[in-house]
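S.K.: First the structure, which I've put down as structure tokens, then a few questions once you've had a look.
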Amino acid sequence: MPADPDFKPALIVVDLQEDFCPPNGALAVASGRDVIPVVNALLRLQTLVTRIATKDWHPADHVSFASNHAGKRPFVDFCKVVNPYNAEESYETRLWPAHCVQGTSGAELVPELEVGLIDKVIEKGTDPRVEMYSAFYAPFTSPRVSDSGLKDGLREEGITDVYVVGLAGDYCVKNTALDAAAEGFRTFVVEEGTRAVDAVGWEDCRREIERGGVKVVSVHGPEVGRLTGGSELQL
Ligand code: VGL
Ligand code: ZN
């Protein structure tokens, strides 16, 4: 079958790391490990042009750790993050337990992941001064901060469609997918391939993702069917 020039899909596997998974993760997402078979099944699909994994990869003094702010509690407190190159641009961000510290076991990709299928690993959140949920860049615009090069890489490969899976659905998956859509890629979040930190908020989050031009799809739907050639995904 000749390749369809209008369909050059990429898969982005977001932050499938020990710290986001039970039983030992510092910021474990409930049932986070359950997505691994779905992710591996997607990684095996031959229609994919490129397979990218991201790692949350923080220095120990990262701004998002509650422990780096006197008197602040993880999950409930927020802090102000300022664009290091423009004091006028800032926003409030949620604080977390220390997680995915560079070089620690918690920052490793989960061993069940078929890493041999991954073409490229992107490390993000490396600047201690800024939070970066998206695999593309931090949420500052004037100027842009911490561009990972992902957008340019996808463009150079002629990617048309971006499928996003991994953890967490309401943070890094959401922001990666929203940026992919904003960059002009047809973008899908595969729902069985993600789990949210705030599971009860997922329906609202899903609607917010869709308002940003991303389609949240099932492994049984036609969008994943386009990757498999119409058959069911082989788990
Ligand atoms: C994430 C919270 C903090 C994520 C990363 O990968 O979704 N969430 N850092
Ligand atoms: Zn993080």
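S.K.: Mind pulling the per residue volume of the convex hull built on the Cα atoms of region 1-60? Å³ is fine.
M.R.: Value for region 1-60: 92 Å³ per residue.
S.K.: Need one word for region 94-235: rounded, prolate or oblate. Basis is the Cα gyration tensor (sqrt eigenvalues a ≥ b ≥ c); a/c below 1.5 gives rounded, then a/b vs b/c decides.
M.R.: The shape class here is rounded.
S.K.: Rounded to the nearest 10 Å², what accessible area does E210 have for a 1.4 Å probe in the complete protein model?
M.R.: Its accessible surface works out to 70 Å², give or take rounding.
S.K.: Right, something else. Give the residues of region 193-214 whose amide nitrogen is closer than 16 Å to a point set 7 Å from the Cα of E112 in the direction of its Cβ.
M.R.: From region 193-214, the list is 193-196.
S.K.: R73: accessible area at probe 1.4 Å, nearest 10 Å²?
M.R.: Roughly 140 Å² of R73 is accessible to a 1.4 Å probe.
S.K.: Once the piece of chain linking S218 and A70 is laid out straight, how much longer is it, given 0.36 nm per residue of separation minus the C-alpha distance between them?
M.R.: Length difference between fully extended and current span is 49.0 nm.
S.K.: What length, rounded to one decimal in nm, is gained on full extension from R211 through to F7, with 0.36 nm per residue of separation minus their alpha-carbon distance?
M.R.: 71.1 nm
S.K.: Continuing with the same structure: Where Rh is the Kirkwood radius over the Cα pairs of region 1-109, the temperature 20 °C and the viscosity 1.002 mPa s, what D in µm²/s does Stokes-Einstein return?
M.R.: The calculation lands on 131 µm²/s.
S.K.: Charges only on Cβ, +1 for Lys and Arg, -1 for Asp and Glu: so what's the dipole of region 114-235 about the Cα centre, in debye to the nearest 20?
M.R.: 220 debye
S.K.: When ligands, DNA and RNA are left out and all protein chains stay put, how many square angstrom of accessible area per residue does region 76-159 have with a 1.4 Å probe?
M.R.: Heavy-atom accessible area per residue stands at 48 Å².
S.K.: Quick check: residue separation of R144 and Q234 times 0.36 nm, minus the Cα distance between them. What number comes out in nm?
M.R.: That pair, R144 and Q234, stretches by 28.4 nm at full extension.
S.K.: Exceeding 26 Å between C-alpha atoms, which entries from my cross-link table qualify? They are K55/K215; K80/K215; K8/K120; K151/K215; K55/K174.
M.R.: Beyond 26 Å between Cα atoms: K80/K215.
S.K.: Please compute the contact order of the chain in relative form: average sequence separation of alpha-carbon pairs under 8 Å and at least six residues apart, divided by the residue count, as a percent.
M.R.: 24 percent
S.K.: Calculate what fraction, in whole %, of the accessible area of region 8-119 sits on carbon and sulfur atoms when a 1.4 Å probe is rolled over the protein chains.
M.R.: The C+S portion of the solvent-accessible surface of region 8-119 is 52 percent.
S.K.: Roughly how many nanometres apart are two label points built 7 Å out from the Cα toward the Cβ at D119 and E156?
M.R.: Output for this residue pair reads 1.1 nm.
The values are calculated or read from the model by the stated rules, or taken from the named source; none is laboratory data. Predicted model, so just to flag it, every value in this text is computed and none were measured. Methodologically, a virtual Cβ is constructed for each residue, glycine included, from the backbone with ideal geometry; neighbour enumeration extends over all protein chains shown. Keep in mind that these areas ignore ligands, DNA and RNA; they rest on the heavy atoms of the full protein, side chains included. Shrake-Rupley method; radii C 1.70, N 1.55, O 1.52, S 1.80 Å.
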